[in-house]
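Engineer: Pasting in a structure now, in structure tokens, and then I'll have a few things to ask.
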Amino acid sequence: MQTSRILILLATCCTLAAPVAVHAQSENPAWLDELARQIADQEQCEVGFYIFIDEQKLGGRETLQAKLQCVDGRQFDASRVEPATEFEISECGTRVC
């Protein structure tokens, strides 16, 4: 009985959250291809995977952000705000808290 309630609650949450996730980010953003080309040219980085990607409208301007890892293990943060056409890219250094 308790398990059924948990499963129903979980299914309801997933159903309600799905439209929000789709709205927040396009399914296959073309800007990731642009970023991959730029970081390959500037940093000699072949993108292994994206750790984080985000698309927002901020003050009416499109804002794109990503954190990625190269196949060699380096990590970079990248961002672009309209009307810029190039990403600002910075390497993530070792952080000690």
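No lab work stands behind these numbers, since they all come straight from the coordinates. Not measured: the values here are computed from a predicted model.
Engineer: Once phi is turned into θ = phi - 60°, what whole-Hz ³J(HN,Hα) does the Karplus curve with 6.51, -1.76 and 1.60 give for every residue of segment 74-87, x standing for Gly and Pro?
Structural biologist: Values, residue by residue: 5, 10, 9, 9, 9, 8, 8, 10, 3, x, 4, 10, 10, 7 Hz.
Engineer: Moving to a separate point now. Could you tell me the ratio Rg/Rh of segment 26-80? Both radii from Cα atoms, Rh via Kirkwood.
Structural biologist: 0.98
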